[in-house]
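These notes are about the structure you will find just below.
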Amino acid sequence: MEIHAYEKLWLALALVLIVGFIGTITYGAAGAGIDMIDDKGGTVDPATLDQHPKFGDPGIERNGENSYDVYVVARQFVFEPGTTEPLRVPAGSTVTFHVTAADVIHGFEVVGTNANTMAIPGQVAEFTVEFGEPGEYGMLCNEYCGSGHHVMEGKIVVMEQEAFDSWYEQQQAQGEAEN
Amino acid sequence: MATESGGSEFVDTFPDEAAIIKASFLIAFVSLGIGAFFGLIQALHRTNVLRVIDSADYYTLLTGHGVLLAIVFTIFFLCGVFHWAVARSLDRPAESALFSWAWVGLMTTGTVLATVAILGGLVPNLGMSADVLFTFYAPLQAHPIFYIGLAMFIVGTWLAGADWFLSYRAWRQDHPDERIPLQTFMVLTTMIMWYISTLGVAVSVVFFLIPWSLGLIESVNPLLTRTLFWYFGHPIVYFWLMPAYLLWYTVLPKLAGGRLFSDPLARVVFLLFLLLSTPVGIHHQYLDPGIAEGFKFIAMTNTMFLLLPSLLTAFTVVASVEHGARQRGGEGYLRWLGALPWRDPAFTGMALAGAMFAAGGFSGMINAGMNINYLIHNTLWVPGHFHLTVGTAVALTMMAGSYWLVPQVTGTKLYSRPIGLLQVIMWFVGMVFMSNAMHRAGLAGIPRRTAEPQYQNFEFLTPIGSIFELRVQIALGGTLLFLSVVLFLFNILLTSLGEESDRPVDSYLPEPLSGPEGSPRILDNLAMWTGIAAVLVVLAYTLPLAGIIQNGGGLFGGGLPVPATVSAGFDLVLTTVTSAFNTLWGVVA
Amino acid sequence: MAVDSTAEGAASSAARVSTDGGVPANADSQGDSGQADPPVDSIVGTADDGIVRELGHDDFDPVGTLVLVLIYMAILIGMWVFMYFVEFLGRGLTVVG
Ligand code: HEM
Ligand SMILES: [Cu+2]
Ligand SMILES: [Cu+2]
């Protein structure tokens, strides 16, 4: 089977291109340290989410110096927290999100950033991001989830550490009082 | 010309086949018209330019748009082209016209059922709807007849494939030693890929979604049905593309005045698609929880290698076109482009479709790039991408191809060549506007599949231009595209009503420059390639599926547990292989 | 198979007779070129009426194609680098764990 010399050249270049793509992506994973959403978040039973120790009352939890866990439930057509009240995090913190869905499949996108995941009933998407300066981010649902899909949105407020701490303590105190 | 006059047109030689093809095209074009109309409404609605529907109904139309265009239009057209290609290249009629009508009928019935279920969503109080989009991710639920219609449609395509395999078998008996004619080779490899891949969606629909929508089972495992969908959802991309490739390889060179550069390479390309189309579906699930990163990495590498057949196609097809230009007197490194028959809408449409595919190829490379997928996942970038690929490379090639194919099955001359030319150029221009704006809007974070342009909590920002300008481009582009479809349907309708002509079209196809003789016979060993394709699929999917069933609450989600024996088996396989795999992945990353 | 032809279409019709899967050439129909046909412009797929020379396998080097695909490759690489390293890695909030 004869192949024209130019086409052989093109074939070789195409292979180099492909290997180059795979190389870039591997660099992103190994060199730049970008992690994929995967199965490390484990699973939950969507039917009993209300009784779940974390997703029953989702929100932020300190788990170390400057390091937090945030539990988010996506349901038609709100994020809890995020929609009725903003999701608050302190500036300069490392935050691990745990996102799941209560009813149908949703998306969780922090607008204009690379923080983006699917929220699937029964599965927990776990991923860690680092927040910088104080400010605000929008968040939205980017997977069609029903007739009100376009109103499913929210806000992340990145607060100064002190402001955050006093808000956090107040939250904790309220939580205690309720129990 | 001389040899083509009187009695040798396709419609005269194969009247039964021509009737089947006409029926397939008719349904394809009706779907195209309705789908394009919905597309217009969407483009105007989500940019807030003109609103004639409620935002809640947007998703009903979007479901209709996706199903009617990406499934019904493309696949019915494919059936027409494949039926033509098999009869033509084997030079024999189908084994049974009745059987052919059976698959046309089954697919049509399925289409009607699914469409009724979808459009039912526009009628309040009917209690029937299927606002689940063409991906129908559970636990969003559609009316049972949506899933039943879908299942009938798919079974119809299986029968269509059987029809072509039967023709081939009969031909083989008369021609024991010949190479499979190229067009038939393309049809058969594509159909083998389709059989392998539709298995996933068939299992999902028949075992899970239909019983669940009928209330026979309580719940489904959403990640499982989603994964089964994408097991089929990537290969369907190539199912759309293969009829376009068939036309690019076997018809476009002729339209350019040249000959196919290499028959063996065309075969290699179709085989690569057969092998690599299915074990990549997980690249649509890069951001799904519940699937290990290693599996995503495998899907990514497979996907990147799947670029190869398309890059090879770019060379072979452009070289064939260049051959035409040179035969027509073209000179120079690039000046030869001017010697091409740009006044022929069939040629120009396909050439523009190919050019757009090159651009769509680029945005597809970004989509495929695993971690860079975070940047664009589920944003408007994605529809921007696939309106270049299925929405133009495929749809425009099909429309352009129609200008050459329809006259062969109607026996009438194209009503208007200039209108045809205007139509394909309008599509190109409209798509430049709509698609580039969608890509850029996606980078600004604007999601796909949303009825509203604006949110309360934040504003979208784009570094260059403005969000307003992007909206205007999408609305303008969508309008041009819709008008282009109107022109197309008008031209085809008047063509079919025209007078019979002795020479409706120049249907002669020249031999390739480099024929199949020199290529290894093993290329034609379809059984062997099928086997390899199946093995690759098993390798790529067994572990992810086992993991999803095992960890994600069983076959049926929260409802029912996995039977203990099955569970233990999964456990064993999973723990051994995943631990081995994780070690390996640890070394790589 | 380099056939030099002066009459438009003559070469291609000659080629047709030899390769067109058994359809007999009808000697008294239409003549040997496009002249007796309807105006060429109105028929789709008649590009080979404009053929001025017949180029066989060995007379044809797709140099124009090579130029085009190399340009394409350069664009691909440039855009990839831009998208990956500027658009993607340049963004705030990236998943790191
Ligand atoms: C008149 C021409 C067309 C126009 C104006 C148009 C416009 C649109 C718009 C505005 C969207 C919605 C984006 C969103 O909200 O996410 C869309 C989605 C889509 N279009 Fe088109 N389109 C056209 C032709 C086509 C063609 C020819 C195809 C395929 C053959 C196609 C396939 C799709 C698909 C698959 C979707 C995604 C549906 C979904 O997200 O579920 N479109 N189109
Ligand atoms: Cu949503
Ligand atoms: Cu894909």
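Values quoted throughout were computed directly from the atomic coordinates according to the rules given, and no laboratory measurement underlies them. In this text the structure is predicted, and so the values were computed from the model without any measurement. Virtual Cβ from ideal backbone geometry, glycine too; neighbours counted across all protein chains shown.
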Next item on the list: Starting from the Cα gyration tensor of chain B, multiply each eigenvalue by 5, take the square root, and state the resulting semi-axes largest first in whole Å.
Entry: 37, 29, 25
Notebook entry, point to check: Which helices of chain B meet both criteria: a Cα extent of 24 Å or more along the helical axis and a mean Kyte-Doolittle score no lower than -1.0, with helices taken as whole DSSP H segments?
Noted result: B:15-45, B:97-119, B:144-174, B:182-203, B:222-250, B:307-327, B:345-368, B:417-443, B:467-497, B:526-551, B:564-588
Next item on the list: Averaged over every viewing direction, what's the projected area of the C-alpha convex hull for the range B:286-430? Give it in nm², one decimal, please.
Entry: 11.2 nm²
Check: Starting at 0 and stepping by 10 Å, how many percent of the alpha carbon pairs of the range B:124-256 end up in each bin?
Finding: 11, 33, 27, 17, 10, 2, 0
Check: What shape does the range B:103-152 have by the C-alpha gyration tensor, where a ≥ b ≥ c are the square roots of the eigenvalues, rounded means a/c under 1.5, and otherwise prolate means a/b greater than b/c and oblate the rest?
Finding: oblate
Margin query: Can you find, among B:244, A:64, A:102, the residue sitting farthest towards the positive end of the charge dipole of the protein assembly as shown, where Lys and Arg contribute +1 and Asp and Glu -1 at Cβ?
Written below: B:244
Next item on the list: In square nanometres and to one decimal, what's the mean projected area of the convex hull around the Cα atoms of the protein assembly as shown?
Entry: 36.0 nm²
Notebook entry, point to check: If you take the charge dipole of chain B about its Cα centre, with +1 on Lys and Arg Cβ and -1 on Asp and Glu Cβ, which of B:224, B:64, B:445 is farthest toward its positive end?
Noted result: B:445
Checklist line | the range B:140-215 - convex hull of the alpha-carbon atoms, volume per residue in Å³ | finding: 89 Å³
Item checked: Cα gyration tensor category, rounded, prolate or oblate, for the range B:39-110 with a/c compared to 1.5 -> prolate
Checklist line | Residue of A:20, A:122, A:33 that the Gaussian network model of chain A assigns the largest fluctuation, springs spanning Cα pairs under 10 Å | finding: A:20
Notebook entry, point to check: Gaussian network model of chain A, Cα springs within a sub-10 Å range: biggest mean-square fluctuation belongs to which of A:111, A:16, A:129?
Noted result: A:16
Next item on the list: Provide B:190, B:157 in ascending order of the number of other Cβ atoms located within 10 Å of each residue's Cβ, fewest first.
Entry: B:157, B:190
Check: Cα centroid distance between the range A:36-89 and the range B:376-392, in Å?
Finding: 31 Å
Check: Hey, got the dipole for the protein assembly as shown? About the Cα centre, +1 on K and R Cβ, -1 on D and E Cβ, debye to the nearest 20?
Finding: 640 debye
Check: Can you list residues whose amide H is under 5 Å from residue A:139's amide H, if they're 5+ apart or on another chain and H is modeled 1.01 Å from N?
Finding: A:111, A:154, A:155, A:156
Checklist line | Cα centroid of the range B:210-256 to Cα centroid of the range B:257-275, whole Å | finding: 22 Å
Margin query: Only four residue types carry charge here, +1 at the Cβ of Lys and Arg and -1 at the Cβ of Asp and Glu. Report the dipole size of the range B:1-178 about the Cα centre in Debye, rounded to the nearest 20.
Written below: 640 debye
Next item on the list: Using the charge dipole of chain B (Lys, Arg: +1 at Cβ; Asp, Glu: -1 at Cβ; taken about the Cα centre), state which of B:388, B:194, B:495 has its Cα farthest towards the positive end.
Entry: B:388
Next item on the list: Would you please classify the overall shape of the range A:49-114 from the alpha carbon gyration tensor, given that a ≥ b ≥ c denote the square roots of the eigenvalues, rounded means a/c under 1.5, and beyond that prolate means a/b larger than b/c while oblate covers the rest?
Entry: oblate
Next item on the list: Search the structure for amide H atoms under 5 Å from the amide H of residue A:115, placed 1.01 Å from N in the peptide plane, and list their residues when 5 or more places away or on another chain.
Entry: A:110
Item checked: Bins of 5 Å, starting at 0 and running to the largest distance - Cα pair percent for chain A -> 2, 8, 14, 17, 16, 13, 9, 5, 4, 4, 3, 2, 2, 1, 0, 0, 0
Note to self: Debye calculation, C-alpha points only, no solvent: report log10 I(q)/I(0) for the range B:211-356 at q = 0.14, 0.15, 0.21 Å⁻¹, in the same order as the q values.
What the structure shows: -0.76, -0.81, -1.19
Next item on the list: Kindly provide log₁₀ I(q)/I(0) values, in the same order as q = 0.11 Å⁻¹, from the Debye equation applied to equal alpha-carbon scatterers of the range B:1-178.
Entry: -0.57
Margin query: Going by average Cβ density within 10 Å per residue, which order do the peptides A:34-40, B:99-105, B:372-378 take, highest to lowest?
Written below: B:372-378, A:34-40, B:99-105
Checklist line | Angle between chain A longest axis and helix A:161-178 axis [Cα atoms, degrees, rounded to 10] | finding: 60 degrees
